[in-house]
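The structure appears right after this line, and notes come after that.
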Amino acid sequence: MGNLQSVKRFLMPALKGAPIILICMVSAIMVASKTLIYSIPMYEATARLKLDDVNHGLADHNLFKNFDVFSFANKIMTEVEVFKSTSIVTETALMLNMDVTYHREGKIKTKELYKSSPFMVTVISKEEEALDKKIYVQMHDSLHYTLRFNTGKYDGNFGDTLKTESFIVLVNFNHQTFKNEPNLKLSDTYYFMMNSEEGILAKVMKNLDVTEIDKEMAIVRIIYKDEIPERAMLFANQLGQTYINDCIRIKTNAANNTLKFLDSQLDIISDRLSNSELKLEGYRLKKRITNTRMEVETNLKKVAELKIQLANIEMNEASLDTLDRYVNDHSPEEFLSLAPNYESQGGLLYTELSKRLKVLQSDKKDLLAKYTSDNSKIKIIDEKIKDVIQYIRENIHNTRKSFRIQKGEIKRTIQEAELDFDEVPTKEKEMVILERDFQLNQAIYKFLNEKRTEAEIAKSAAMSFHRIIQYSFLPKTPVSPKKNFTVIVSAFLGIFLGLGVVYVKDAVSAKVKYRDEIEKNSSIPVIGIVKKQKSASEFSTDIATLANKLLISGAYKKIAITSTIPKEGKSYISLNLAQNFALLGYKVIIIDLNLHNPNIHQLTCVPLENGVSDIFTNNLPLDEAIKPISDNLGTITAGTELQEPLIVFSDKRFPKFIQQVEQLADIVIIDTPASGVKIDAINTMLLADITLFVFRAGFTRKDYLNYPDLIKEEYNLQNMKVVLNDVHVTTNFSGFYTGSHYHYLKEKKGLMNVIKHYIRFYIK
């Protein structure tokens, strides 16, 4: 039962503040609805692109192995970052004409018009100061307009070039828009913006999301949000196509560079081969040579092989020089984004080092999303990137040194092998040398020609094995704001706000409301609870219960009723308690000793004169001072001869006065001043059989609850009880209480009347 009461008490502020909670909820819903009306809807488009894997994709087939000279085993996360790179995103945005945007500005909401703009702008030239700023267009008719930029105004004609200090533009009237939207107003506020690449990139990156579907699957999902549904669809599709075109462009550039190098080498080797052919033919004719000795031929083959090795080393040196220039002439971001063919220029080691650099740069981008560039983690990754680049440069240097050593060794070996021909007849020796040169040049020419054919095939195959497997569709409904979700969340927030207001107000009010608050703060027992009454004259079952408790608990003839401060209801309790005793057949007299603020005469409608003050001032007989109210009930008012009340209470006749009244009645009820304000009540409380200390719910401050204990201890008062007055009660029936009086809803028809009643009570 105690737990149930605690739950009810906990819920009581919410029940009292139900109108406040309802108002907060309705207000929140209205605010959310207005916000939704003026919010810009965002549409989402999704495309999917499959990345080719050289180990498992089309590029792994024999027919296509040499098509893609830049291919390598992809890491999906690395390619995701390539999709988000500045070059790819900016190129896509410019292809969709996002460098110029059109807007209609309202009082609250600004809407981007895209292709439905009433005018179209072609930018001929622009200065930095004109970027990312609003340029307003006031259209007078289909022929004339006025531009407003900064503080200047510029009049122009549609179809003519307009020149200002900051830009030169060509503005055309869009007749198609007015055909599609005949109700479109010329007088609306329009403006356009020439967006910088930084502004475009910032806007796009805020709405772009590129993710891998699974780390084991080479499929990338492109999601783009935009307030223009058509542009959301086009951007998602175009970004995938731009990535594919970029891959083809990089592959073609690599093939072109390889062809240039091979062509230059073929020209040199072709000349050498022609010269060796002519020399060999001339020597044969001159010396009439038909064959050579087998031993010499074997040695010459050995020398030829060594020279082929020497040629290979020289070719590798040339490739290494190209790679060295490539690394030193570009920043790490540039030479990584161009994706050169490291395998053909330096071996698999450089390819792996490049992959390592890409991984480190990807990690750096992820960390930059969380930390600043001064963070220790960012600095560590920068150091790692520097170490890898330094390692590439050192490796190139060491490889060159190794090539020089190998060339020296091969040349020395060739020289030693050629010494073996000293004993061979000069004719045969020269013949073998000429044949060796011819075969060497012919082998080099054949090798270079094969490589050129492969590069030509790669150049001609302008294709990529990445492909879009799902194109985005035109979105029909916006993904944000979510109307139903927003309204529901706003309603709950309004409820929580209302609950917060109610419980905070309840917590900071610091007023007594419940019986257990008195029991926790005072040792004086609570003898009764009096619920809120509709009127002072209404019969109260709580007062009747209090009267019965007093009769049961002891033979109390003199009952003093006091309070800490005025207006806590002690006069009301005194009168109603006296009326209940009178109804039970007891002869009762009420003495109004609240000489500071007498109130009993007003409640009983009896004259104030000839009361207590007249007894002590004019020696008025006691029987003349008692005024009848009803059967068995009379009262002694405060009187009109009011003087300093303390003199009355300190008068030596005062105890005898109380004793005389006691002899004339069965029960004497004494309404005293507020004892927390005036000390006058103490004398009466000392003479009484029992003192009832009245607290008023929702009125008396909690810090007054220990006052009865203090005066009990200080003045040695033995018999004191507490009465909690004016307690508000609600029920679960189809109606509501005002005090102890129950109102059916039919007495106050309409929900608004009920809400008004609760608001009046809650504010009170």
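Of everything in the stretch 101-134 that's surrounded by fewer than 16 Cβ atoms within 10 Å (Cβ to Cβ) and of a type in the set (A, V, I, L, M), which residue is farthest from L239 (Cα to Cα)?
I108
I'd like the full set of residues that are crowded, with 19+ Cβ neighbours inside 10 Å and among the hydroxyl-bearing types (S, T, Y), limited to the stretch 202-236.
Selection gives Y224 alone.
Return the residues of the stretch 558-579 that are surrounded by fewer than 22 Cβ atoms within 10 Å (Cβ to Cβ) and over 25 Å from Y707 (Cα atoms); say none if nothing qualifies.
none
Report whether or not K163 is among the basic types (K, R) and within 28 Å of E44 (Cβ to Cβ).
On the way: among the basic types (K, R): yes; within 28 Å of E44 (Cβ to Cβ): no.
Spelling it out, it is not the case that K163 is among the basic types (K, R) and within 28 Å of E44 (Cβ to Cβ).
Checking E212 against (1) without any contact (Cβ under 8 Å) to a residue 24 or more places away in the chain; (2) in a strand (DSSP E or B); (3) of a type in the set (D, E, K, R): exactly one of these is not met. Which one?
(1)
State the number of residues belonging to the stretch 523-554 that are within 52 Å of the chain's Cα centre (by Cα) and at pLDDT below 85.
Number of matching residues: 4.
Taking the residues in the stretch 268-319 that are outside any helix (DSSP H, G or I) and among the hydroxyl-bearing types (S, T, Y) as candidates, determine which candidate is modelled with the lowest pLDDT.
Going residue by residue through the stretch 268-319, those that are outside any helix (DSSP H, G or I) are 288-293.
Then keep just the ones that are among the hydroxyl-bearing types (S, T, Y); that gives 290, 292.
Working: T290: 59, T292: 53.
So the residue we want is T292.
Quick check on the stretch 640-648. Is at least one of its residues closer than 28 Å to Y715 by Cβ, β-branched (V, I, T) and either touching a Lys or Arg at 6+ places or on another chain (Cβ under 8 Å) or not assigned by TED's automatic domain parsing to the domain that holds Y556 (or both)? Please lay out each step first, then the result.
Our first condition is that a residue be closer than 28 Å to Y715 by Cβ; within the stretch 640-648, this holds for 642-648.
Narrowing further to those that are β-branched (V, I, T): 647-648.
Okay, now just the ones that are also either touching a Lys or Arg at 6+ places or on another chain (Cβ under 8 Å) or not assigned by TED's automatic domain parsing to the domain that holds Y556 (or both), so none.
Within the stretch 640-648, none of the residues are closer than 28 Å to Y715 by Cβ, β-branched (V, I, T) and either touching a Lys or Arg at 6+ places or on another chain (Cβ under 8 Å) or not assigned by TED's automatic domain parsing to the domain that holds Y556 (or both).
With the condition kept exactly as written, say whether any residue in the stretch 567-574 is modelled with pLDDT of 85 or more, under 53 Å from the mean Cα position of the chain (by Cα), closer than 28 Å to F10 by Cα and not in a helix (DSSP H, G or I). Break it down into steps so the answer makes sense when it comes.
Going through the stretch 567-574, the residues modelled with pLDDT of 85 or more turn out to be 567-574.
Filter once more, so that each one left must be under 53 Å from the mean Cα position of the chain (by Cα): 567-568.
With the extra rule that they be closer than 28 Å to F10 by Cα, the set shrinks to 567-568.
Filter once more, keeping what is not in a helix (DSSP H, G or I): 567-568.
Within the stretch 567-574 (the criterion being modelled with pLDDT of 85 or more, under 53 Å from the mean Cα position of the chain (by Cα), closer than 28 Å to F10 by Cα and not in a helix (DSSP H, G or I)), the answer is yes, since at least one residue qualifies.
Restricting to the stretch 135-149, count the residues that are touching a His at 6+ places or on another chain (Cβ under 8 Å) and not β-branched (V, I, T). Steps first, answer last, please.
Of all residues in the stretch 135-149, those touching a His at 6+ places or on another chain (Cβ under 8 Å) come to 142, 146.
Restricting the remaining residues to those that are not β-branched (V, I, T) gives 142.
Total meeting the criteria: 1.
Take K652 and decide whether it is assigned to a helix (DSSP H, G or I), of a type in the set (K, R) and assigned by TED's automatic domain parsing to the domain that holds Y586. Spell out the reasoning first.
Values: assigned to a helix (DSSP H, G or I): no; of a type in the set (K, R): yes; assigned by TED's automatic domain parsing to the domain that holds Y586: yes.
It is false that K652 is assigned to a helix (DSSP H, G or I), of a type in the set (K, R) and assigned by TED's automatic domain parsing to the domain that holds Y586.
What strands (runs of 3 or more DSSP E), lying completely within the stretch 135-192, carry at least 2 residues that are of a type in the set (A, V, I, L, M, F, W, C) and either surrounded by fewer than 15 Cβ atoms within 10 Å (Cβ to Cβ) or outside the structural domain of K107 (by TED's automatic domain parsing) (or both)? Break it down stepwise before answering.
Details: elements: 144-149, 152-157, 161-163, 167-173.
Of the strands (runs of 3 or more DSSP E) lying wholly inside the stretch 135-192, none has at least 2 residues that are of a type in the set (A, V, I, L, M, F, W, C) and either surrounded by fewer than 15 Cβ atoms within 10 Å (Cβ to Cβ) or outside the structural domain of K107 (by TED's automatic domain parsing) (or both).
Please go through (1) within 20 Å of Q663 (Cα to Cα); (2) modelled with pLDDT under 85 for Q579 and return the number of the only condition it doesn't satisfy.
(2)
The values are calculated or read from the model by the stated rules, or taken from the named source; none is laboratory data. A quick note: this is a predicted structure, and the numbers were derived from the prediction, not measured. Glycine also receives a Cβ, built like all others from the backbone with ideal geometry; neighbour counts cover every protein chain displayed.
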